[in-house]
1. If you average 1/r over every pair of different alpha-carbon atoms in the stretch 163-243 and take one over that average, what Kirkwood value in Å do you get?
2. How high is the relative contact order of the stretch 135-271, in percent, counting Cα pairs under 8 Å that sit 6 or more residues apart?
3. With an 8 Å Cα cut-off and a minimum separation of 6 or more residues, compute the relative contact order for the stretch 256-342 in percent.
4. Just give me a number: lysine pairs in the stretch 149-234, eight or more positions apart or cross-chain, with C-alpha atoms less than 30 Å apart.
5. Tell me which aspartates and glutamates have Cα within less than 12 Å of Lys354's Cα, excluding those fewer than 8 residues away on the same chain?
6. Run the reach check for Lys377 against lysines, Cα to Cα strictly under 20 Å, same-chain hits fewer than 8 apart removed. What comes back?
Amino acid sequence: MATSREVENDHRRVIREDRHYQTVPSSPAQHQCTQEQHNLHTHQTSTSAETAYSRASLILNNTWRKVRKFLLLAVAGLFMMWQHFKAFISLWCSISCQGHFKNKRNLSVNAEVDMLSYCSKKWKGEALNAKQMRKAYEDVYWKHNIKTLQAVKEDNYCMLRAVMFQVFNQAIPFPGWMKEKDILKLPEKLLYSQGCNWIQQFSFGPEKYAGSKVYQKLRSCLELFKNEWVYFCASKEQMERNKMCRSFFSDDTRQNKVYEALKFIMLYLVIEAHENLKDEEQIPSFFHLLFSQDTCADPLSYMMNHLNMVGDTIGLEKGELCLVGYALELKIKVLHLTKYNTRNFEMIYPADHKREWHEITLMTDDNRYYNIPVIVK
């Protein structure tokens, strides 16, 4: 039986042998095996990463293709919608503008516009007359408190149109003398009672008539003149009259008949005044000035040399506003902008008007074409 010392010695020897094996280097074969295992592990890890990356890339590519396809379809759809929208807007604007410009083209008295804006568009540049006109407009705007105006179509009926628009729009009463004498019978009265058969040469602006057709045309014009005036006076609401004016002053045929009727009424008054002058009766002072001209020494020459061309090649002259005011029982105030800061800037036609007559206001840059200043009362 081994003693305890021997057992202890055996134990120590076993420990030394174990330590020896642990410290002894591995052999090349063992080292190679370990390296291969490490490489295999690394390759497996790399392959797994590449596989995961490939899968992620594939998923991303598939997703992007779907998104790109969707975006292309969306862009194409939006583009088509835009094209249809533009086509619709173009069609709508075309129809709307056609109607707008048609109305604007036919409307011979336009809606209110700012006076300074109108002036800046009409009187441009640095020429002396343009500067003077801009100054005149500015002074009228600020000193006379006239902020807006209504532009009147510039043709050879311009003055008559500016007057009759205000007569109708303001529902000015029908002249008393026209009621008493019944203007519808004036053509026959001149022909049969006063022997004025030369009125068969009366011209209706650009329309030429002759002989008995003149009387039929004159009566038609006078009927419309009277009926329209009565019609406007019957309307008590300003908004309604504004609407009626837009309709009437966009119809050239109707309004031109009214102007021709007024021309004939002026001729009648000239004939009457001339007869009174021969009988040495008192007549308004402006008739003396009218008959003092070589071109209208009598009613026939006045008709042939003046009235017949009105509406065709010329408009009414400034002095004839007296006759218009006298015929319609109106006090016509005219602002002559070229005469601003002079005593002739604001003129009244006729000067010998009656107190009870209604007043209207016109404004002119050149004594040929007239606009309507809007005066707030």
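1. Working: mean 1/r = 0.0698 Å⁻¹.
After inverting the mean inverse Cα-Cα distance, the result is 14.3 Å.
2. On the way: 89 pairs, mean separation 39.5, N = 137.
The normalised contact order for the stretch 135-271 reaches 29 percent.
3. Values: 40 pairs, mean separation 21.1, N = 87.
Relative contact order comes out at 24 percent.
4. Taking the Cα cut-off of 30 Å, the pair count is 26.
5. Within the straight-line cut-off, Lys354 pairs with Glu329.
6. Within the straight-line cut-off, Lys377 pairs with Lys143, Lys147, Lys236, Lys331, Lys333.
Values quoted throughout were computed directly from the atomic coordinates according to the rules given, and no laboratory measurement underlies them. Everything numeric here is computed off the predicted structure, so don't read it as measured data.
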